[in-house]
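See structure below.
The values are calculated or read from the model by the stated rules, or taken from the named source; none is laboratory data. Everything numeric here is computed off the predicted structure, so don't read it as measured data. Note: ideal-geometry Cβ built from the backbone for every residue, glycine included; neighbour counts use all protein chains shown. Ligands, DNA and RNA are stripped out before the accessible areas are found, and what is left, the full protein with its side chains, is counted by its heavy atoms. Shrake-Rupley method; radii C 1.70, N 1.55, O 1.52, S 1.80 Å.
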Amino acid sequence: MLTKEEIELLDTNGYLNLGQLLTSEQVEQINDRLAELMDSEGENAGAELAESKYIRHPKEEGADRLADLVNKGPVFDVFYTHPRVLAGIEAVLGQEYKLSSLNYRAAKPGKGHQKLHVDWKNTAVNGTYKVCNSIWLLDDFTEHNGSTRIVPKTHKISLLPDEAMTDPNEKHPDEIRIIAPAGSVFIFNSHVWHGGTTNQTDHDRRSIHSYFCTREQPQQIDQKKYITQETLQRIGEKGKRILDV
């Protein structure tokens, strides 16, 4: 599902643009369902994040969050089963991986900035990676609406942003921005330095993260705890293995 060149780019730079994997109709359906969930969950939106001891920042000022999308409609199945995404995850983590969490994040107008960080407690050891993320763009990502920044190749160095930079909130001279149309998907090695930027527009900047880890690691969202019979009946044996349920 990935070319040799794509795998090499992912390994070298720590991220890869997989192109537009969602049609405009799919993006619209997904955004409609997310709006329904935000309305129905209200103040409890993203409550599953707070219940997890493996998520450092369950509540984020200036961003809407939803969690456990695995069990909130078949429209979200594609996020952890798409073959090109799984090929990218496997290229980073090897064959023994599982979904850690499937969450929604929308940077609010004037908000959304994050310091450069990694999604692991320390640096990678001998090129052995523990976590890998995919970000699904549900709006066009532009220079102005809080697009994600990444510092290429930093997954291969033995320093964290807090150790290497005076202030990881500042712009890094080598950082690039994820600029692409809605429906696009980017894989990024979660050991690469990355972070959100400030949304300078009047509209939310929406995305979904399907985040994976190696099989020996605890999941951010305990899939066994939340899995429903409806989901189990729908996803088949491959889906059950990916979720580790």
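A compact table of results
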{"quantity": "Residues located in the range 41-61, provided they are modelled with pLDDT under 85, of a type outside the set (Asp, Glu) and over 17 Å from the mean Cα position of the chain (by Cα)", "calculated": "Ala50, Lys53"}
{"quantity": "Checklist (1) over 14 Å from Asp119 (Cβ atoms); (2) touching a strand residue (DSSP E or B) at 6+ places or on another chain (Cβ under 8 Å); (3) open to solvent by less than 60 Å² (accessible area, probe 1.4 Å) applied to Phe188, failing item", "calculated": "(1)"}
{"quantity": "Within the range 217-245, tally of residues that are surrounded by 14 or more Cβ atoms within 10 Å (Cβ to Cβ), out of contact with any strand residue (DSSP E or B) (no Cβ under 8 Å at 6 or more places or on another chain) and not in a helix (DSSP H, G or I)", "calculated": "3"}
{"quantity": "Hey, Ile55 in a helix (DSSP H, G or I), in contact with a helix residue (DSSP H, G or I) (Cβ under 6 Å, 6 or more places away or on another chain) and buried (at least 17 other Cβ atoms within 10 Å of the Cβ) or not", "calculated": "no"}
{"quantity": "Test set (1) touching a helix residue (DSSP H, G or I) at 6+ places or on another chain (Cβ under 6 Å); (2) on the phi > 0 side of the Ramachandran plot; (3) open to solvent by 20 Å² or more (accessible area, probe 1.4 Å) - Gly94 fails condition number", "calculated": "(1)"}
{"quantity": "Meets criteria (surrounded by fewer than 21 Cβ atoms within 10 Å (Cβ to Cβ), β-branched (Val, Ile, Thr) and modelled with pLDDT of 95 or more) for Val75", "calculated": "yes"}
{"quantity": "Residue selected from the range 31-52 under the condition among the polar types (S, T, N, Q) and open to solvent by 70 Å² or more (accessible area, probe 1.4 Å), by the criterion farthest from Asp140 (Cα to Cα)", "calculated": "Asn44"}
{"quantity": "Residue match in the range 23-30 (condition: β-branched (Val, Ile, Thr), in contact with a Ser or Thr (Cβ under 8 Å, 6 or more places away or on another chain) and either within 28 Å of Glu175 (Cβ to Cβ) or surrounded by 14 or more Cβ atoms within 10 Å (Cβ to Cβ) (or both))", "calculated": "no"}
{"quantity": "Hey, Thr3 without any contact (Cβ under 8 Å) to a residue 40 or more places away in the chain, of a type in the set (Ser, Thr, Tyr), more than 30 Å from Thr166 (Cα to Cα) and surrounded by fewer than 20 Cβ atoms within 10 Å (Cβ to Cβ) or not", "calculated": "yes"}
{"quantity": "When residues of the range 9-18 are limited to those that are out of contact with any helix residue (DSSP H, G or I) (no Cβ under 8 Å at 6 or more places or on another chain) and in contact (Cβ under 8 Å) with a residue 60 or more places away in the chain, the one farthest from Trp193 (Cα to Cα)", "calculated": "Asn17"}
{"quantity": "Close pairs (6 angstrom Cβ cut-off, 6 or more residues apart or separate chains): over 23 Å from Asp32 (Cβ atoms) in the range 130-153, among the aliphatic types (A, V, I, L, M) and in a strand (DSSP E or B) anywhere", "calculated": "Ile150/Ile176"}
{"quantity": "Only one of Asp39, Asp77 that is out of contact with any Leu (no Cβ under 7 Å at 6 or more places or on another chain) and either touching a residue at least 24 places away in the same chain (Cβ under 8 Å) or small (Gly, Ala, Ser) (or both)", "calculated": "Asp77"}
{"quantity": "Qualifying positions in the range 12-26 - in contact with a Lys or Arg (Cβ under 9 Å, 6 or more places away or on another chain) and part of a helix (DSSP H, G or I)", "calculated": "Thr12, Asn13"}
{"quantity": "Selected residue (only one of Ala63, Ala67 is out of contact with any helix residue (DSSP H, G or I) (no Cβ under 9 Å at 6 or more places or on another chain), open to solvent by less than 30 Å² (accessible area, probe 1.4 Å) and over 30 Å from Gly127 (Cβ atoms))", "calculated": "Ala63"}
